[in-house]
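Here is the structure we will look at, set down as structure tokens.
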Amino acid sequence: MIDPPVPTPRPERARLIDIAREVGVTKSVVSRVLNDDPTLTVRPETRRRIWAVAQRLGYRAHAGARALAGAETRALALLIPDLGNPVYSRIIRGAYRRAREHGYVVLLAEDTTDDAADEAFPELVEAGRVDGLLIASARPDHQLLASPRLSRVPHVFVNREVPGSGRNVGMDLPAASATAVRHLHALGHRRIGLVSGPEELQPARARAAGFVAAMRELGLDPGGIARGSFDERGGAGAAQELLRGVPDLTALYTSTLGQAVGTLHAVRSLGLRIPDDVSVVAYDDLPLADHLDPPLTTIGMPLLELGAAAVDAVLRQLGGEPPADVVVPTRPVVVERRSTARPAGRQEVAGGEPGPPRSAATGRSRARPRPPR
């Protein structure tokens, strides 16, 4: 019986990073040299070494990469801050559906603070592998913004704003905050706090500005603002800060659904009840809000429309139109659930200020439990 031949192991495909390591340059430089990028400034000796190493290693561009290197790739790239944030799943879906309608695909990248990962998205730009960019990263120092080729690639900033760029595609964030404040005011709340995001992030500043303007318009004190990261931990910390520092506060508006989840935990950890002692409203309406305890009142935003509008804006640039700022016209709406209610037993006094809570049974003043300090 003849033994079957032993299969010869297939050699691993040489990669750009293999060439880069041997030559001592970045993967981006290797890619641009092998794609004959005329904008790249590199020494002739380095260029010769890259080609020599690529030939010796038998480097062959991946078929997909070759397709992407054509004059028109029919691909758009979307950079988002966090793949774990469910808000961006809606924006992605809106962008994907609109791109597919026009025969494009959407490549997805997550923003990180890791240097190696940070290079991936700029490389798509510098190697000419995408037709347009949708940038939803909120990091003001992202290296993509300094890429010399960015200005020559159709691109927009999604759900964030780069002042003066003329390429911002967003929603009316101040109007969302005003909608939340007016909803709480209509229920009888007068001491309302804002669980805001980091000061350096433009969406957090926009929501805070809308909150302050709406509070002042209603003759209320807008000073109850605490900041934290946009996740559950940040929401819990900021909510605790407000509830400890403003003992007569009766309502909180949070900048994200993640912060709202942390806020619900913080309220309960201080021995308070929702909505009896504190009403809670969250920016962004997602299916999760219906399944919290209690179900969470939210501000519904046009996230699907935002993703579609971003693709439309990039495609208009590809069609030769100049870039322009776009605000999705759909207005924010209150999606009312059980986390908001009138302050328990509150009665209005002269000047529109709320009086002390009163027991429904006796009509006597009932002080709200003071959180421990």
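Bear in mind these aren't lab numbers, they're just calculated from the coordinates by the rules spelled out. None of the values given here were measured: they were computed from a predicted structure. As a convention, Cβ positions derive from the backbone with ideal geometry for all residues, glycine included, and neighbour counts pool all protein chains shown.
Segment Ser165..Asp248, full-extension length gain: 25.6 nm, with 0.36 nm per residue of separation and the alpha-carbon distance subtracted.
Calculated FRET efficiency, Glu199 and Ala14, Cβ-Cβ r, R0 51 Å, to nearest 0.05?
0.65
Look at the alpha carbon pairs under 8 Å that are at least 6 residues apart: their mean separation over the length of segment 187-334 gives a relative contact order of 18 percent. In this simple spin-label model, placing a label point 7 Å from the Cα along the Cα-to-Cβ direction at both Ala213 and Asp293 gives a separation of 4.0 nm.
One Cα centroid belongs to segment 277-305, the other to segment 156-177; the line between them spans 22 Å.
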